[in-house]
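Below is one structure, written out as structure tokens; comments come after it.
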Amino acid sequence: MAKTYYDPADLRKFGKITEWNEELGNKFFDYYGKVFEEGALSAREKSLIALAVAHTEQCPYCIDAYTQDGLQRGITKEEMMEALHVGAAIKSGATLVHGVQMMNKVNKLEM
């Protein structure tokens with residue numbers, strides 16, 4: 001197996017972020033846990049959202065974690081791929097809409 005920059009084993013070390021700042025680390029994990037509790041959205045829906053965001057943020061650890069979590073929650077590979085396309089559409093749209101700022105600047109400089 002080829003060595004990569006991101007070591008999948010590092011995901012299991014995530015909890016250790018509290019070692020260098022226990023107060024803030026614990027606050028993060030409290031918040032994180034609360035966010036993923038059942039609420040107006042189901043845990044399944046939240047997992048699917050997390051998977052799409054993991055891809056737009058390009059976090060390999062999150063991609064691994066939420067692919068596995070999604071499968072355990074019964075999310076199909078077709079649902080996963082559709083969610084990724086939704087994320088990609090939003091990410092590309094957000095990039096392109098900033099083109100208006102560039103166009104405005106060009107128009108202003110050409111005056």
Verdict on Val86 being loosely packed, with under 12 Cβ neighbours inside 10 Å, of a type in the set (A, V, I, L, M) and either out of contact with any Cys (no Cβ under 8 Å at 6 or more places or on another chain) or at positive phi (or both): no
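Yes/no matrix, rows are residues, columns are (1) among the aliphatic types (A, V, I, L, M); (2) at pLDDT 95 or above:
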{"site": "Met1", "(1), (2)": "yes, no"}
{"site": "Tyr6", "(1), (2)": "no, no"}
{"site": "Arg12", "(1), (2)": "no, no"}
{"site": "Gly33", "(1), (2)": "no, yes"}
{"site": "Ala43", "(1), (2)": "yes, yes"}
{"site": "Ile63", "(1), (2)": "yes, yes"}
{"site": "Gly70", "(1), (2)": "no, yes"}
{"site": "Ile75", "(1), (2)": "yes, yes"}
{"site": "Glu82", "(1), (2)": "no, yes"}
Single condition Gly74 does not satisfy, out of (1) over 22 Å from Phe14 (Cβ atoms); (2) within 10 Å of the chain's Cα centre (by Cα); (3) not polar (S, T, N, Q): (2)
Test: Leu24 is part of a helix (DSSP H, G or I), under 17 Å from Val86 (Cα atoms) and not charged (D, E, K, R): no
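The values are calculated or read from the model by the stated rules, or taken from the named source; none is laboratory data. It should be emphasised that the depicted structure is a prediction, and the values quoted were computed from it without experimental measurement. For neighbour counting, all protein chains shown are included, and Cβ atoms are generated from backbone atoms with ideal geometry for every residue, glycine included.
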